[in-house]
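Structure, as structure tokens:
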């Protein structure tokens, strides 16, 4: 069964350092999403791509977060500089079209110390 | 209702018990309602996606219903098993394929 690949699985970083996460969606899935889940809360959308274009980044803290999907396939989410409040699970998901379930990756657990 | 709300926040049941959770969502701009199961150390797994008022879907011992007019969905688990222990997330999909998640219901099934 096809999976969404994410790496790393866990990341510990010091505050003010840069950190990057990678996601490879299911082949053929045009839509890719990055979600952040803070403990005790539901996942919150950070950015949505349609192919290589950003269609929604309204909740992305653009002063420190950036995301790209240059060739419309895999994607990178970067945080620079990391802050203590960025500690969370970062989930990547992909989908084929509206009304279909997302396929999620296993996530990256980020701890900022 | 402005946000997606789930209740209860957590639930402990005994093996064999049947249980149900509630998800409330805004009716405006509604496209679909999703349910996901998220087991510890695994990826969230899609259970159901429902779009039509009155929809009912079933997968084994798990079923879900949808009322789009009043903005709620129920998830039912019949004869809970320890392997059903997980966080159950619902999410409302609006136009543009964006999902807004609730905070989840954490289910623990004791043997």
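Rule-based calculations on the coordinates, nothing more; no lab input. Just so it is clear, the structure is predicted and the values come from calculations on it, not from any experiment. No Cβ is skipped: glycine too gets one built from the backbone with ideal geometry, and neighbour counts run over all protein chains shown.
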Open item on the list: Restricted to Cα positions, what overall size does the protein assembly as shown have along the principal axes? Three whole-Å values, descending.
Closed with: 48, 37, 36
Task: Using distinct alpha-carbon pairs, which all enter the 1/r mean, Kirkwood radius of the stretch A:1-67 in Å - done: 13.6 Å
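Taking 0.36 nm per residue of sequence separation and subtracting the Cα-Cα distance, how much length would be gained by fully extending the chain between residue B:27 and residue B:74, in nm to one decimal? The partial results should precede the final answer.
Details: separation 47, 0.36 × 47 = 16.92 nm, distance 1.53 nm.
This chain segment gains 15.4 nm when fully extended.
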Task: the stretch A:24-113: Cα Rg divided by the 2.2 N^0.38 Å rule of thumb - done: 1.05
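How many Cβ atoms of partner chains, on average, are near each residue of A:80-88 if near means within 10 Å of its Cβ? Spell out each step's value before the answer.
Working: counts 0, 0, 0, 0, 0, 0, 0, 0, 0.
Mean shielding count: 0.
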Open item on the list: Just want to confirm a number: the relative contact order over the stretch A:1-85, from Cα pairs under 8 angstrom separated by 6+ residues, in percent.
Closed with: 32 percent
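Enter the per residue convex hull volume of the stretch B:36-111, computed from alpha-carbon coordinates, in Å³ rounded to the nearest integer. Provide the component values of the computation, followed by the final result.
Values: hull volume 7.6 nm³, N = 76.
Looking at the stretch B:36-111, the number lands at 100 Å³ per residue.
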Open item on the list: With just the Cα atoms defining each centre, how far is the stretch B:41-111 from the stretch A:51-104? Give it in Å.
Closed with: 24 Å
TODO: Would you mind giving the mean number of other chain beta-carbons within 10 Å of the Cβ of each residue in A:96-107, as a whole number?
DONE: 6
